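Here the structure is laid out as structure tokens; the discussion comes afterwards.
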Amino acid sequence: MIGRFVGASVALFGIAAYGSYKINEAKQYKELYFDTLPDKRQYLLQQHQNAAYVYDQTFDSYEQTSKITSYRKTIVGLCSGKILETGVGTSRNLKYYPQGSDVTAVDWSSNVLEVALLKSASNINISYRLEDVENMSFKDNTFDTVLDTFGLEYYLNPEKAISEMKRVCKPGRQDIITHIWQKHL
């Protein structure tokens, strides 16, 4: 009995230590590498360009075993009117839009949009545009719903992205932003 307790304690300690190590490693990467980059925006864009063609393959199995699929269905089901989806990525929300939805989907990575274009949706009207969410070309008060799922953490300036989302959303309508850090609220 004591042996099992000791074994479980050692395993738990190992997991905690490894988790702490990975968090520290990420902080060191940010401080020693990312923070020293002269052009962080170009670096992030290149990372998205490089990952575009393997992203869906990588995350399909994860989403199937998590609650993200039901989460996407619920969130996308809240959208109505003229919809803007920012940081659309490979268009993983596409199949959850209600029939007849009018969606403008934007991302700053042309490779990612190329992958998104390969997906078809005959039940909705969707157009894809290459846009920087932190500086969009849309007029003020253009959309009824602005949706951003799992994109905010990839923007160099999340506060600016949120400001842009609010700017293009009609007054009294809805911005739906998911997976954000408390400091950005």
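The values are calculated or read from the model by the stated rules, or taken from the named source; none is laboratory data. Values in this document were obtained by computation on a predicted structure and should not be read as measured data. All Cβ positions, even for glycine, are placed from backbone atoms using ideal geometry, and neighbour counts span all protein chains on display.
Values computed for the structure shown
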quantity: Sole exception among (1) in contact with a Phe, Trp or Tyr (Cβ under 6 Å, 6 or more places away or on another chain); (2) at pLDDT below 90; (3) under 20 Å from residue 136 (Cα atoms) for residue 89, by number; calculated: (1)
quantity: Flag for residue 85 being surrounded by fewer than 19 Cβ atoms within 10 Å (Cβ to Cβ), touching a residue at least 24 places away in the same chain (Cβ under 8 Å), under 28 Å from residue 58 (Cα atoms) and in the same structural domain as residue 59 (by TED's automatic domain parsing); calculated: no
quantity: Single residue of 176, 83, 126 found to be in contact with a Cys (Cβ under 9 Å, 6 or more places away or on another chain), on the phi < 0 side of the Ramachandran plot and part of a strand (DSSP E or B); calculated: 176
quantity: Residue within region 129-138 that is in a helix (DSSP H, G or I), closer than 17 Å to residue 177 by Cβ and within 13 Å of the chain's Cα centre (by Cα) present; calculated: yes
quantity: Residue tally, condition among the polar types (S, T, N, Q) and in contact with a Phe, Trp or Tyr (Cβ under 9 Å, 6 or more places away or on another chain), over region 96-124; calculated: 3
quantity: Cβ-Cβ under 8 Å pairs, at least 6 apart or on other chains, region 156-173 side in a helix (DSSP H, G or I), far side of a type in the set (Lys, Arg); calculated: 168/139
